[in-house]
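Undergrad: Sharing a structure below in structure tokens format, with a few things to ask.
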Amino acid sequence: MNLDDFKQFIKIDESEVKRNNEVWLYTRVSSKDQFANKSLLNQHDEGKTYCLTNQYNLVKVFGETYESARGDFTRKEFKNLIDSIRRAKKKPFAILIYKMSRFSRTGGHAIGLATDLIEGLGVHLIEISSGKNTLTERGKLEIYDRLLKAREENLERLEITLPGLKKFIENGNWLGSVPKGYDHYGPRVKDLNRISGEQRIVLNREGKLFKKAWRWKVAGERDCDIIRKLDALGVRISDKQISKMWRNPFYCGLIINKLTGDQIIAGNHEPVVSKKDFLLVNKRLRERTETYQGYKGDENLPLNKFIKSYECGTSYSGYCVKAKGIYYYKNNRKGSKENVSAKKMHESFAELLRRYQILPAVASEYEEVLYSNINDVISIETTETKVQRERVDEIGRKIKRLDDRYVLEEITREQRDEHVANFVREREQILANLKYCDKDFSNLKEAIKKGVQLSKNLAELWIKGTFAAKQAIQSMLFPEGILYDFKNNVSRTSVVNLVFSAIPYFSDSYKGNKKGGIIKFDNFPLSVAGAGLEPATFGL
């Protein structure tokens, strides 16, 4: 009897079968000096040689630049590598790294990440310089040990360098990227044109214009007006960036760094504002924040910051005259004398809510027509969504083709990065639109019914409701707030929730039909450009 006949019953361990021979390469150096001495080129060449020797197909390359290993996902190229693996439908067999220290120096975090790649995604790690890999249990332990040693090496380096870095800061120097408005010259800067033997932090054109911005802020001007003035001078700055600038002591010539503890260091750079004015601005910001926090939860002032001026768009803040026990709303615009009693403001708002109360006689028909109209809108959005998703897939394929051409050396890194950046921006915009479209409309009819039921008594619900209920009704109906016309004591709408937007038209049409005839509502002007449908909000 031939025992070979029984080999058909041997079970093959599929984990030992190499499913594909496609690998990705990750290269990295820590500093510009290493970048300049061709270390990256050496890592790249060694990776190609390893693939030829071991019959692997190198399909993608990541890294190719200098990035600190202080953190894993603070490295853009490293994050790009991991994100690309997670998104890829066809995963690479392995990631090639010249040395494990190039992959990560975070120790335990690196091991956790490696385990997720190996066990969760089926992607192995291979160290080119030693040939060690994670294909076996013993190999995994060896790779994990190398990641721990890389962490140990990093700690030893920090113990040597930290005292020097602390002394560097104490001498008035700056570590890291400089704030907006300054240019950084020194031995380790990224811009090759700014390499210098000694550090110099120089005020640039933006920084010189920031001096004007600080003067405007000290004078009490609003951020939006300052941003507009800077924009006219050719300086683009967002509201978040300018808010950050007001609170950064660097701009008054001081350096604060955790390496020096609670020690305040006088920097060598030129300030754009005096220390006195910096403290004045921050005192005002702190007082304004405390005032807002003090009143935003006051049950007597539910419209605080929700109401904006019809004339200038500035918000109204609530406050109390304690001597009289009377509450008011005040326009925050500098020099404004628009003070309105809370009672008067609330009556105006309640009157506005009554405009969005459905008449019982037309409630059922309103539900039916609204449901039909929204369904039509959803149908159009679904078709557009399909086209947008196809475009996202197409962009992904184009980026892959660019990566392939770069690996084959048909295009340069600069050409690849320029085109990829454009595609990524387009994809992000499409995905942002898709996020808005991907709402769950499965309970649409029930949501509309609840909304219409709620609209039958809106004003009374708001008047008698708790502070939380009032705020929920306000934000549900008017998600962008309300405009208040001070001269005429009238509250005006901007954006209205889709469910409620056409109620005034229905009510007016019904009231205007004095003869009692049949009213055709099937072509009423549904405002689809307003706020979206938010079914969950109707559970008040």
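The values are calculated or read from the model by the stated rules, or taken from the named source; none is laboratory data. In this text, all values refer to a predicted model and were calculated from it rather than measured experimentally. Heads up, the Cβs are rebuilt from the backbone with ideal geometry, glycines too, and the neighbour counts pull from every protein chain shown.
Undergrad: Would you pick out the residues in segment 241-285 that are under 13 Å from Phe210 (Cβ atoms) and either part of a helix (DSSP H, G or I) or under 26 Å from the mean Cα position of the chain (by Cα) (or both)?
TA: Result: Gln241, Ile242, Lys244, Met245, Trp246, Asn248, Phe250, Tyr251, Cys252, Asp277, Phe278, Val281.
Undergrad: How many residues, within segment 316-328, are surrounded by 12 or more Cβ atoms within 10 Å (Cβ to Cβ) and either over 11 Å from Tyr484 (Cα atoms) or free of Cβ contacts under 8 Å to residues at least 40 places away in the same chain (or both)?
TA: The first filter runs over segment 316-328 and keeps only residues surrounded by 12 or more Cβ atoms within 10 Å (Cβ to Cβ), leaving 316-320, 326-328.
Checking which are either over 11 Å from Tyr484 (Cα atoms) or free of Cβ contacts under 8 Å to residues at least 40 places away in the same chain (or both) leaves us with 317-320, 326-328.
The number of residues fulfilling the criteria is 7.
Undergrad: Only residues that are part of a strand (DSSP E or B) and modelled with pLDDT of 90 or more: list them for segment 28-61, please. It would help to see each step written out before you state the result.
TA: Going through segment 28-61, the residues part of a strand (DSSP E or B) turn out to be 28-29, 57-61.
Across segment 28-61, the qualifying residues are Asn57, Leu58, Val59, Lys60, Val61.
Undergrad: A further question on this structure: Checking Leu158 against (1) loosely packed, with under 13 Cβ neighbours inside 10 Å; (2) closer than 25 Å to Phe210 by Cα: exactly one of these is not met. Which one?
TA: For Leu158, the failing item is (2).
Undergrad: Additional query: If I ask for residues that are farther than 25 Å from Glu156 by Cα, without any contact (Cβ under 8 Å) to a residue 24 or more places away in the chain and small (Gly, Ala, Ser), which ones from segment 78-128 would you list?
TA: Of everything in segment 78-128, those that are farther than 25 Å from Glu156 by Cα, without any contact (Cβ under 8 Å) to a residue 24 or more places away in the chain and small (Gly, Ala, Ser) turn out to be Ala88, Gly120.
Undergrad: Which residue pairs have Cβ atoms closer than 7 Å, lie 6 or more positions apart in sequence or on different chains, and pair a first residue in segment 231-255 that is in the same structural domain as Gly220 (by TED's automatic domain parsing) with a second residue that is loosely packed, with under 14 Cβ neighbours inside 10 Å and of a type in the set (Val, Ile, Thr)?
TA: Taking only residues 6 or more apart or on different chains, the pairs are Leu254/Ile264.
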